[in-house]
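Before any comments, here is the structure.
What follows draws every value from the coordinates through simple rules; no lab data is involved. Predicted model, so just to flag it, every value in this text is computed and none were measured. Counting neighbours? That spans all protein chains shown, and the Cβs are built from the backbone with ideal geometry, glycine included.
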């Protein structure tokens, strides 16, 4: 008795070119799956590159060349610091919420509201002296003239907000708040635009 068994004329292991294996079964094409895996891999690599850039940037601007911006939460060695708002005033009779600060006609008062958050499990100390102001019209950092913040400890998982007043040269076009994070070698720079 003769059986009717299909016979392949292809050599073993050789593709017939018709999308079939030598035994006649259809060949599975994995092209869409491979494309999906490739796209996911590229997205993961791009995300990793962006994450590394954020980590380097959160160290206060690599080498001090880049700065953060107003209202941006900036990672510190203990938690977060942010410059919430900024305004300027000129005139000899300048009075603010913090107190009277003498301002000559050649000067401007710069008021910056900052927020400090401790994300550690233990208290951290802070000081308004850790903040200075940089100006395009001053070669040296400008120290705080008056503040609502005091040298103190900030409890674990707590925040505090306060005003810093600086007296800067009039006519300045740009200001940058500099925070000397005690746990880092490079200061954090926050650009103040008004």
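Structure values in brief
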quantity: Ranked by how many other beta carbons lie within 10 Å on average, peptides 149-162, 115-128 from highest; calculated: 115-128, 149-162
quantity: Calculated FRET efficiency for the pair residue 119/residue 36, C-beta based, R₀ 35 Å, to 0.05; calculated: 0.35
